[in-house]
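The next block holds one structure in the form of structure tokens; read it before the comments.
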Amino acid sequence: MTDFDEVTQFLAHARERVDAALARLLAEGPRDTDDPGRLREAMRYAVLGGGKRLRPALVLAAAEAMGGDAESALPAACAVELLHAYTLVHDDLPAMDNDALRRGRPTVHVAFGEANAILVGDALLTEALGALAALGPHAAEAIRVLSRRAGVRELLAGQARDLDLAMSEEARRSIGLEALERIHVEKTGALFAAAAELGAIAVGASVGASVGASVGASVGASVGASHEARERLSRFGLSLGIAFQHADDLADGDHPAMASLARRRVAELASEAMAQLEPFGKAARHLRGILSWVSASAAVR
């Protein structure tokens with residue numbers, strides 16, 4: 001089996017596990033017969049209608065890199081995907097990107113109405129934070145990380161910056177790579193960074209302590225080692241997320257004047273991300289595989 005086959009298989013398996021867990025979280029219960037505005041139905045439509053599940057796969061791969069069981073990270077993986085789905089529902093609204101299609105289907109506001117789409121986004125964000133409660137004693141730290149990354153200083157700041165750019169045709173034409181990448185850092189990189197760090201948090205500080213000896217002296221062999229490992233995974237996720245967004249832009253033909261610069265940045269970001277994984281050894285093979293998959297997708301554009 002080639003490295004590409006292995007990462008493809010890992011991503012497919014991760015998607016199956018996450019989809020099943022999301023379906024359980026959003027399943028109709030005995031009290032769901034009264035569904036005003038088809039809100040619960042619209043939530044399932046928004047979340048269970050496809051997608052690569054790359055962000056939750058990153059959570060699971062990071063948990064493995066920490067020496068933990070990916071099963072223990074499923075609540076965090078679901079939380080990241082629920083939050084991602086909320087951002088897509090709101091991004092598609094007429095007041096934002098005004099998109100009519102998402103993954104080959106009508107967007108939530110087209111299928112269920114604009115007001116319901118706002119409620120769906122609110123509900124998915126709430127469910128995302130609630131899903132982290134399953135992490136027990138680590139839930140508060142997980143909520144802190146996800147809230148910070150998805151909040152007004154990072155993800156939402158990036159969306160606001162993107163909206164400002166969309167309102168000015170001159171700004172869109174003249175934007176440089178540095179300004180564009182700042183948006184990528186906030187809108188995409190922040191959630192990738194959260195996903196990687198949440199994988200470490202999900203397996204717990206006790207695992208982090210034992211993993212210290214196996215990932216090398218630079219990480220250490222104490223609960224403090226868990227903090228350094230988390231920082232490394234967070235930086236990995238950030239670089240991966242920026243690279244992913246550049247690759248996505250290349251695939252969509254966005255910012256064609258910067259295509260060669262974007263490809264160069266993907267290579268640079270991949271090198272930075274790979275360096276963060278060095279102490280984790282073979283335990284990080286799926287993280288390396290995801291990184292290589294993203295890098296390869298940019299190289300062929």
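Projected onto its three principal axes, the C-alpha set of the chain covers 54, 54, 39 Å, listed from the longest axis down. With the convex hull of its Cα atoms as the shape, segment 45-104 has an orientation-averaged projected area of 4.4 nm².
Our Cα-only numbers for segment 139-201 put the radius of gyration and Dmax at 13.8, 45 Å. Between Arg148 and His255, full extension at 0.36 nm per residue minus the direct alpha carbon distance yields a gain of 35.6 nm. Backbone phi angles across segment 96-107, fed through the Karplus curve with coefficients 6.51, -1.76 and 1.60 (θ = phi - 60°), yield HN-Hα couplings of 10, 8, 6, 9, 9, 10, 9, 6, x, 10, x, 5 Hz in residue order; Gly and Pro are listed as x. Put a plus charge on the Cβ of each Lys and Arg, a minus charge on the Cβ of each Asp and Glu, and nothing anywhere else: the dipole of the chain about its Cα centre is then about 440 debye.
Read-outs throughout are calculated quantities, based only on the coordinates presented, and are distinct from any laboratory measurement. Because the structure is a prediction, the values reported are computed rather than measured. All Cβ positions, glycine included, derive from the backbone under ideal geometry; neighbour counts span all protein chains shown.
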